[in-house]
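The values are calculated or read from the model by the stated rules, or taken from the named source; none is laboratory data. Since we're looking at a predicted model, the values are computed, not measured. Cβ coordinates were reconstructed from backbone atoms using ideal geometry, including for glycine residues, and neighbour counts include every protein chain displayed. For the accessible areas, the whole protein counts, side chains as well, though only heavy atoms, and no ligand, DNA or RNA atoms are used. Shrake-Rupley method; radii C 1.70, N 1.55, O 1.52, S 1.80 Å.
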Amino acid sequence: MRTLYDKIWEAHLVRQKEGEPALLYIDLHLIHEVTSPQAFEGLRINSRKLRRPELTFATVDHAIPTIGRDLPFNDPIAWKQVETLRQNCRDFGVRLYDMDRKEQGIVHVFGPEQGLTQPGFTVVCGDSHTSTHGAFGALAFGIGTSEVEHVFATQTLPQTKAKNLLINVKGELPFGVTAKDLILAIINKIGTSGGTGYVIEYAGDAIKGLSMEGRMTVCNMTIEGGARAGLIAPDETTFTYLKGRKFAPEGDGWEKAVEYWRTLPTDKGAAFDRTVEIDASSLAPFVTWGTSPEMSAMITDRVPDAPPPGRDPHSFSKALEYMGLEPSQPIQQIAIDRAFIGSCTNSRIEDLREAASVAKGHKVAGSVSAMVVPGSMKIKEQAEAEGLAEIFTNAGFEWRDAGCSMCLAMNEDVLSEGERCASTSNRNFEGRQGRGGRTHLVSPSMAAAAAIAGHFVDVRNWEFRN
Amino acid sequence: MRPFDRHTGKAVAIDLANIDTDQIIPKQFLKRIERTGYGQFLFNDWRFNSDGSIQEDFPLNDPAYSEASILITGANFGCGSSREHAPWSILDHGFRAVIAPSFADIFHNNSLKNGLLPITLPDDVVDRLIDSSKQPGGLEISIDLEEQSVKGKDVDEKFEISAFAKFSLLNGLDDIGLTLQHEVDIERFERNSVSLYRFSTF
């Protein structure tokens, strides 16, 4: 009896020898401008080529502007990095989905959207949020630049098998509580290093009930709980999402693929090294108050007055000081300056629909500046066709082009010192969205509601104007 | 990769858990296309104020630790982004090893591939090392990878490391060369196994 992780692992074993890491075959390698240049350089120095260039796909997302793209970049170093990727893709025969393509987008939005990410695959990318692709029942994890070079040259990676952690989410998510709140709750429970050394499988009724977008949100933030990969068993929801996408199997291949994919879910009775139970029905919308994704509270709660048991006391007091918050302050009294809806965690069409349903008929508070950055140009187009863009702009949100934007603030979308942001992204680290910036992680609907109210509010009590 | 066998050096402690790679090297320094020269940006936002002046109370700015080559920190060091710029900047700044109660997986991997030795020791041992490093005169530590030992004042500890990582570090071997020796296995896998799970061509 094997877990989903065991099955994918075994199907990809190229070589295994006692005392050495296993050699694992890689089916899909996604690259972007920031973590690839040194890997290409390494190939050049050693006169190596890409072993299987057709299994590598490139897009630009991290450092590119989300506005004024027809103009030269204001940042010459970022421009050089993008130009370097272009040259490398030409030299080594890699398909690049550049800024002029409608497929361009955040690498973890792009891959699934194009049908590249498929159940049972191994997927890697030089980005820790590669865990996103686990939503399809693919073993997907972030790698460093040396490993990027290794995959380029060999289409394999030496890996040591992780342990199996099952997170079983029973019950149903209540109204107003989303996949984002669920993963924040999970990280709150296990801690930011709770999953270190494990691959997590998410299961249970609440997970089965999620759309692919919601599943991607959950798997995306797996790395914030310390695990490199999170998996969800493929099912009808997965197949429906994939069918007809550009690189998905077709015709006879589709039938065979589905037949194979149905064999992947964890066998009944397979053993996990550890199991964590969560009751979805007990959850409320979550807001982070600190500088680690584990530092979060429900919207009805307060900032804690002491570090939770087992958590580092130095980090606790440093976090409160950095965030400019008082112990016991009610979360709903925290006023914001900025709102950011986007990132590989929450920039898909369903996220935008969720935020738009809150924003419709309202106006962003005068004290807040808010922006929506779709995950891909395809999503941008779809959101415009569905009238979501108009809802956002009417409400006073800026409507941008696709990219990572203010999730990591490598481009010009940056918080100023002391600014406080309701953000749908994945990391509230010190300075993540700009030096001295204060990030509160929330769901898209909570971010939209905070932008309108000017402070955090409980979206379960929202006045929807449809 | 620069080999690692033995190293003796002064230790400096940053006594915080969950130090993420955004702190180790903030994103504004990730736009360069080189592998070198990142040491000047290590812990930039903790070492320097926004106006570029030095933050006096940050340990790395204390002249007593200017020669430090061993970094001691709290648990889960290197969490967050997979940027290999993190170990590059630590090495380029002059560190050869990091000692902590635990490391984030990706950072741990990235370090091993660059000749930066991540050493995991129990909490109480790390606490003692941190205390000793703060005493006048500081703390000198000797690391022997072959023996898997860490020695210093009042400390004589063994650490765990996989036999494979140890061998690669001792010999300064890079993985790609090793893997390419198994090209026959990769070809066999591509011929026989890929069609069992892949049903579309890209």
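Of note:
- Taking 7 Å steps out from each Cα toward its Cβ at A:Asp279 and A:Asp267 produces label points 3.3 nm apart.
- Area of A:Arg465 that stays accessible when all protein chains are in place (1.4 Å probe, Å², to 10): 100
- Calculated FRET efficiency, A:Met1 to A:Asp252, Cβ-Cβ distance, R0 = 35 Å: about 0.70 to the nearest 0.05.
- From phi via Karplus (6.51, -1.76, 1.60), per-residue ³J(HN,Hα) for the range A:399-414 in Hz, x at Gly/Pro: 10, 10, 7, 6, x, 6, 6, 7, 5, 10, 6, 7, 9, 8, 7, 9
- Using the alpha carbons alone, the radius of gyration of the range A:1-121 stands to its Kirkwood radius in an Rg to Rh ratio of 1.05.
- Shown for the protein assembly as shown: the carbon plus sulfur share of the solvent-accessible area, taken with all protein chains present and a 1.4 angstrom probe, equals 48%.
- Put a plus charge on the Cβ of each Lys and Arg, a minus charge on the Cβ of each Asp and Glu, and nothing anywhere else: the dipole of chain B about its Cα centre is then about 600 debye.
- Two-site FRET efficiency, B:Glu67 against A:Lys17, from Cβ-Cβ distance with R₀ of 45 Å, rounded to 0.05: 0.60
- Ordered by 1.4 Å accessible area with all protein chains kept, B:Thr36, A:Thr130 run largest first as B:Thr36, A:Thr130.
- Ordered from highest to lowest accessible area with the whole protein assembly present and a 1.4 Å probe, A:Ser369, A:Ser425, A:Ser47 read as A:Ser47, A:Ser369, A:Ser425.
- If you look at the Cα atoms of the range A:91-179, you get an Rg and a Dmax of 16.0, 52 Å.
- Drop in accessible area of at least 30 Å² in the complex versus isolated chain, residues of the range A:117-153, 1.4 Å probe: A:Phe121, A:Ser128, A:Gly144, A:Thr145, A:Ser146, A:Glu147, A:His150
- Area buried, chain B against chain A - accessible surface, total, 1.4 angstrom probe, square angstrom: 5600
- For chain B, built as a Gaussian network whose Cα springs stay under 10 Å, the top-fluctuating residue of B:Glu67, B:Glu84, B:Glu190: B:Glu190
- Among the listed pairs A:Lys189/B:Lys153; A:Lys170/B:Lys166; A:Lys49/B:Lys27; A:Lys170/B:Lys158, a Cα-Cα separation exceeding 32 Å is found for A:Lys189/B:Lys153; A:Lys170/B:Lys166; A:Lys170/B:Lys158.
- Helix-only CD estimate at 222 nm, as mean residue ellipticity for the protein assembly as shown, using -39500 (n - 2.57) per DSSP H run (n ≥ 4): -8500 deg cm²/dmol
- For chain A, the per residue solvent-accessible surface stands at 33 Å², with DNA, RNA and ligands left out and a 1.4 Å probe.
- Ranking by accessible area, most exposed first, for A:His455, B:His7 with a 1.4 Å probe: A:His455, B:His7
- Cα-projected label distance for B:Lys151 with A:Asn46, points at 7 Å along beta-carbon direction, nm: 3.6
- Residues of the range B:164-198 buried by at least 50 Å² on assembly (accessible area, 1.4 Å probe, chain alone as reference): B:Phe164, B:Ile176, B:Thr179, B:His182, B:Ile186, B:Phe189, B:Glu190, B:Tyr197, B:Arg198
- Exposure of A:Lys17 as accessible area (Å², to 10), given a probe of 1.4 Å and all protein chains: 110
- With q set to 0.09, 0.11 Å⁻¹, the log10 of I(q)/I(0) for the protein assembly as shown, from the Debye formula over equal scatterers at the Cα positions, is -0.71, -1.11.
- When the convex hull of its Cα atoms is projected in every direction, mean area for the range A:138-231 (nm²): 6.5
- Distance-filtered residues of the range A:2-34 - backbone nitrogen under 14 Å, label point 7 angstrom along B:Ser162 Cα→Cβ: A:14-25
- Chain B: radius of gyration over Cα atoms, expressed as a fraction of 2.2 N^0.38 Å: 1.16
- At R0 = 41 Å, FRET efficiency that the Cβ-Cβ distance of B:Asp144 and A:His314 yields, to 0.05: 0.85
- Cα-projected label distance for A:Lys161 with B:His7, points at 7 Å along beta-carbon direction, nm: 3.3
- Between the range B:10-53 and the range A:372-386, the alpha-carbon center distance in angstrom: 35
- In chain B, the longest principal axis of the Cα atoms and the axis of helix B:183-192 are about 50 degrees apart.
- Under DSSP loop assignment and at most 11 Cβ neighbours within 10 Å, longest GluC sites (Glu not before Pro)-free interval of chain A: A:19-416
- Calculated from backbone phi, Karplus (6.51, -1.76, 1.60) coupling profile of the range B:66-82 in Hz, x at Gly/Pro: 4, 9, 4, 10, 10, 9, 10, 9, x, 5, 6, 5, x, 6, x, 4, 7
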